[in-house]
Amino acid sequence: MKNIIYIFFIGLTVSCSNDSQDAPLPAKSEPVGVLAKDTSGLVIAFYFNDSLKEGFTYYKEIDEEVSRKNLTFQNELQRMSKVYENFVTKKGAEAQQGFLSENEMMKVQQKAQQMEADIVQYQQREGAKLEAEVMKKLTAINNKVKSFGKKFSEANGIDLLMGYADGGQINYVNQSMDVTRSFIEYLNKEQKSIEEEL
């Protein structure tokens, strides 16, 4: 019995040693061109993204304009839906009371279908236009914040300026690195040139 176990272990050892010789070695990768930098003088700062929405005047103006357009869109959609519902309710009651002929009922049904289609078309068309406008304005604002963030950082000797948001990739930032107020003041001061370029 001992001999069987001994032979089994010898066979296992030989097969394992053969496998390791047959396996190809991984190819050496070329070194990546990484620039080593002394980080002792590195200046890192951050700003709260949400504070930009509240403190950056231009951002607030755009947000209010978009909100007004969205409210107008929603109100028109509600108005159209209410007209449709009133029409269907009124004509449904007339049909139940026998006030409509078969021909009139077909016309009512066609009109109701057209009204419903108009609502869907309005919602899709105007909703898509509004969404495209919002995306365009937000992209423009984000590009300007990025551009002026670079200028702000250069003027203040900041090597790395980060936007911080809850749920973002940054878990913790020391409050001593917070430049939110200064950055918003800078953006508001530069607002005229931001508006001209947008």
Residue 66 versus residue 126: modelled label distance in nm, points set 7 Å from Cα along the beta carbon direction: 1.9 nm
Dipole axis of the range 42-197 (+1 Lys, Arg; -1 Asp, Glu on Cβ), positive-most option in 160, 182, 58: 58
Sorted by Cβ density within 10 Å, fewest first, the residues 173, 179: 173, 179
Flagged links, alpha-carbon separation over 23 Å, of 69/136; 90/129; 69/146: 90/129; 69/146
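So how much slack lies between residue 57 and residue 119, counting 0.36 nm per residue of separation and subtracting their Cα-Cα distance, in nm?
Working: separation 62, 0.36 × 62 = 22.32 nm, distance 3.55 nm.
Gain in length upon complete extension: 18.8 nm.
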FRET efficiency, residue 82 to residue 49 (Cβ-Cβ, R0 45 Å, nearest 0.05): 0.70
Efficiency of FRET between residue 110 and residue 135 - r from beta-carbon atoms, R0 30 angstrom, step 0.05: 0.20
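None of the figures in this text is laboratory data; all of them are computed from the coordinates on show. Fair warning: this is a prediction, and the values are worked out from it, not measured in the lab. Please note: Cβ atoms are built from the backbone with ideal geometry, for glycine as well, and neighbour counts cover all protein chains shown.
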